[in-house]
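Accompanying notes for the structure given below.
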Amino acid sequence: MHHFFVTPAQVRDGCCYITGQDVNHIRNVLRMKTGEQIAVRDGVSRNYICRIEGLEQDQIRARVVDEEEGSELPARICLFQGLPKGDKMDWIIQKAVELGVYRIVPVATRRCVVKLDKKKAEAKARRWNTIAESAAKQCGRTVLPQVEPVVEFSQACAMAGQMDRGLIPYELAEGIEKTKEILRGLAPGMEIGILIGPEGGFDVEEVEAAKAAGICPVTLGKRILRTETAGMAALSILMFHLETG
């Protein structure tokens, strides 16, 4: 079944009203007809099964026939991802969305090889949000995660430091028991930030700056993980803890 996102304001009188680029996609790409069913998410908390009733020029009208339980994690996780080389960010965004991340903030750190000027950053942001939307539809997310503009590391620390808990996986962090203790302190309803370094990792001064902002170093095990693996490992651990704890 095809999935589409709307805002809560687009759900009224028992119908979902789909607008924007999805109208052309439904009418001319998928060539859907009245009577066919689609899944619609309101981006907040509700999932709907709808039957198409009207294929108008500027909107699709779909009657709600059933509601499904939302698929979101009980906590809001923000991934602060150090800018990686090549197209790794595309893969990271796709998989992070599948694992339940609430939003993604690309971060320029000292050891980042990639340098984006304003024009390139804006183009990347559009592409990354398209990837996030596609992944959210594919895995049945209720919320459409946003990929925010690139920030400097100091900004990322300030943002994560204001959350209920900030975490920074670091190879020199204390042992696994300390990390388990930190995980036990995480609970539904929290906002959690995870800082992941680029290929070269964080330098010592960055880690110290994160700690000064109240962000806790944690370990992901005895092995050194690539940047595209570290975030997924951290998200998988949090997903398991929050949904089964």
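Figures for the structure shown
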quantity	calculated
Solvent-accessible surface (1.4 angstrom probe) belonging to residue 243, in square angstrom, nearest 10	110 Å²
Where the chain is the region considered: accessible area per residue in Å², 1.4 Å probe	51 Å²
³J(HN,Hα), Karplus 6.51/-1.76/1.60, whole Hz, each residue of the stretch 15-25, x for Gly, Pro	10, 10, 10, 9, 10, x, 5, 5, 4, 4, 5
Farthest toward positive dipole pole in the stretch 51-101 [+1 Lys/Arg, -1 Asp/Glu at C-beta], among 74, 60, 92	92
The chain, dipole about Cα centre (Lys/Arg Cβ +1, Asp/Glu Cβ -1), debye to the nearest 20	580 debye
Other-chain or far-sequence residues with amide H under 5 Å of residue 68's (modelled H)	47, 48, 49
Residues whose placed amide H lies under 5 Å from that of residue 165, excluding near-sequence neighbours	191, 193
Whole-angstrom gap from the stretch 124-154 to the stretch 1-61, using each part's C-alpha centre	21 Å
Residue list for the stretch 46-65, given a label point 7 angstrom along the Cα-to-Cβ vector of residue 72 and an amide N cut-off under 18 Å	46-49
Convex hull of the stretch 69-176 built on C-alpha atoms - directionally averaged projected area, nm²	7.9 nm²
Karplus 3J(HN,Hα) series, Hz, for the stretch 72-79 with 6.51 cos²θ - 1.76 cosθ + 1.60 (x for Gly, Pro)	7, 5, x, 10, 9, 9, 10, 9
The chain: calculated mean residue ellipticity at 222 nm from DSSP helix runs of at least 4, using -39500 (n - 2.57)	-10000 deg cm²/dmol
Accessible surface of residue 17 - all protein chains present, 1.4 Å probe, nearest 10 Å²	40 Å²
Value of relative contact order over the chain, rounded to a whole percent, pairs C-alpha under 8 Å and six or more apart	21 percent
Ordering of 215-222, 192-199, 65-72 by packing [mean C-beta count within 10 Å, highest first]	192-199, 215-222, 65-72
Accessible surface of the stretch 94-245, 1.4 Å probe, proportion on carbon and sulfur as whole %	52 percent
Sorted largest first, extent of the chain alpha carbons per principal axis (Å)	59, 42, 28
Computed over the stretch 130-245, Kirkwood Rh from alpha-carbon pairs, angstrom	15.2 Å
For the stretch 9-60, alpha-carbon Rg over 2.2 N^0.38 Å	1.07
Paramagnetic label zone (point 7 Å from Cα along Cα-to-C-beta, residue 10; backbone N under 11 Å) in the stretch 42-60	42-43, 59-60
Zone of residue 118's modelled label, taken as backbone nitrogen in the stretch 149-188 under 17 Å from a point 7 Å along Cα→Cβ	149-152
Mean-position separation - Cα centroids, the stretch 155-195 and the stretch 75-116, in angstrom	17 Å
Stretchable slack from residue 208 to residue 57, in nm (0.36 nm times residue separation minus alpha-carbon distance)	48.8 nm
22 Å Cα-Cα threshold exceeded, pairs from 180/222; 88/115; 85/222; 88/124; 85/124; 95/137	85/222
Reach of residue 211 by Cα under 15 Å, taken over aspartates and glutamates that are not fewer than 8 positions away in the same chain	164, 171, 174, 203
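The values are calculated or read from the model by the stated rules, or taken from the named source; none is laboratory data. Note that this is a predicted model, so its numbers are computed, not measured. So basically every Cβ, Gly included, is an ideal-geometry build from the backbone, and we count neighbours across all protein chains shown. SASA here: full protein model, heavy atoms, side chains in, ligands and nucleic acids out. Shrake-Rupley method; radii C 1.70, N 1.55, O 1.52, S 1.80 Å.
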